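First up is the structure itself, then whatever we jot down about it.
Each reported figure results from applying straightforward, stated rules to the coordinates on display, with no laboratory input. On a predicted model such as this, the values are computed, not experimentally measured, just so you know. In this analysis, Cβ positions are derived from the backbone assuming ideal geometry, glycine residues included, and neighbour counts consider all displayed protein chains.
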Amino acid sequence: MFRMSSSPDALFSPPLRIGMVGCGRVSPRYMAGIARDPALSLVACTDLDPERAEALASEYGVPTTASLDELLADESVEVILNLTPPDQHLDVCKAALLAGKHVYSEKPLTNTRNETTEVLEFAKRQGLRVACAPDQVLGWTLTTARGLVDEGAIGRPFAATAFVMTHGHESWHPDPRAYYASVGGGPFFNRAPYYLSALLWMFNSPVEAVSALGGTTFPSRVISTGPLAGTEFPVETETHINAHVRFESGAMASIVTSFDVWGTVLPRIEVYGTKGTLVLPDPTHYSEPLRLLREDGSDETIEDASGDGEVYGSGLRDLGRALRAGEDHRLGPELAYHLVDAIEAVHDSMRASAWKPVQSGIGDIRG
Ligand SMILES: NC(=O)c1ccc[n+]([C@@H]2O[C@H](COP(=O)([O-])OP(=O)(O)OC[C@H]3O[C@@H](n4cnc5c(N)ncnc54)[C@H](O)[C@@H]3O)[C@@H](O)[C@H]2O)c1
């Protein structure tokens, strides 16, 4: 077994001063990531539900504020970390930018191209930065995979397959309705940011065109946990989507995402090259093993030997580094827009039964 360790990024100072908005499911992972990183400092956090904010904050000894406005009024906060649901991203991002704060948002930046443009143009006018998740591309797994592709381990990468086969969110999420809404709902909106980002990273090339088929297998869903358990609600979007993606480099990918499937034994991502195949784990993780299958028949498992595990906050750290050095950050506006553009194009293609071009670029994602 071949083992590699991740190379830690250079430390910068003073630490990036962060205000966190939204203390829901993903927030403890960010709290833990920020707490262990000397380059990041959490000034305060807030949530519409003050008890939720208090419970999380007290665990890490972080102050809470009673409202977003109060957090935005804190002059020591440089960056707003937006961990609200996607339908809140536009308002929270704009409020942060209006208050003179940079923004790091969870994915997708917003649910539409128009809203994303609105945020990015506003930031540009304000002279402020917007960075957007997913940042798993900066983690051990995808950095290592990218290094292997760059050094020719699989030859020229020409194709990929990706599968996200789930049965949706209603068995575990207390209010999953947004995941089935006509705008911003469906498995492609929810999961493709990770999978497309991973493939953009591997091919180092933007999406050029997409073609997709989609359907709604179950017209309604029933919430099975929390105070709304037993509530039936309509499904307003396609919940099984087969997308074909052509990248500018000429590479092609088939990405299947589903909220309709009960079980699967398919891999998550495979990248095919002229000399081998790279098998990637679920790209929502930072530090899972890779497999490299070469033309000589060898099968190598490559693991992270650093022991760092799942570390949230790489994107925040990169933003801090870039701010202090006066350089571009890597999860920048072009990439954030491109992801929303490609995702909307998949939905447009399904509905029009036609190939749709994707004209936006990704900038220099590799830094
Ligand atoms: N990076 C990852 O691995 C990962 C994992 C899960 C979710 N996400 C993303 O993170 C974001 C949040 O997801 P989640 O699952 O934690 O959601 P969640 O619904 O569990 O939590 C969201 C929280 O935001 C609060 N909130 C909503 N609007 C607000 C506002 N205007 N001001 C202050 N607080 C507000 C809610 O009260 C709630 O506590 C989403 O964009 C999602 O796509 C990322």
Förster-model FRET efficiency, 51 Å R0, Ala73 and His167, C-beta, rounded to 0.05: 0.70
In nm, to one decimal, how far is the modelled label at Lys275 from the one at Leu213, with both set 7 Å along Cα→Cβ? 3.7
Restricting the count to DSSP beta bridges whose residues both fall in the chain, what percent are antiparallel, rounded to a multiple of 5? 60
Can you tell me how much longer the chain between Arg36 and Leu11 gets when fully stretched, taken as 0.36 nm per residue apart minus their C-alpha distance, in nm with one decimal? 7.7 nm
What is the spin-label model distance, in nm, from Glu232 to Ser58 if the labels are put 7 Å beyond Cα along the C-beta direction? 4.1
Over the Cα atoms of segment 16-132 the radius of gyration and the largest Cα-Cα distance (Dmax), both in Å, equal 13.3, 39
Amide N proximity, segment 15-41 versus Thr225 label position 7 Å along Cα-to-Cβ, cut-off under 18 Å: 23-29
At a Cα cut-off below 26 Å, give the lysines reachable from Lys356, other chains included and same-chain residues fewer than 8 away excluded. Lys107
Spin-label pair Ser306/Glu121, simplified geometry with 7 Å Cα→Cβ offset, distance in nm: 3.9
Using the Cα centre as the reference, give the magnitude of the dipole from point charges on the C-beta atoms of the chain (Lys, Arg: +1; Asp, Glu: -1; all else neutral), rounded to the nearest 20 debye. 560
Highest GNM mean-square fluctuation among Thr231, Thr117, Thr46, for the chain with Cα springs under 10 Å, belongs to Thr231
Once the in-chain neighbours fewer than 8 apart are removed, the lysines whose Cα is under 30 Å from Lys101 read Lys124
Which order do the peptides 249-262, 195-208, 320-333 take when ranked by the mean count of other beta-carbon atoms within 10 Å per residue, highest first? 195-208, 249-262, 320-333
Sort the following peptides by mean Cβ neighbour count (other Cβ atoms within 10 Å, averaged over residues), highest first: 264-275, 293-304, 85-96. 85-96, 264-275, 293-304
Rounded Å value of the spacing that divides the Cα centres of segment 138-184 and segment 55-102: 27
State the extension gain, in nm to one decimal, for the chain segment bounded by Phe158 and Ser182, taking 0.36 nm per residue of separation less the distance between their alpha-carbons. 5.3 nm
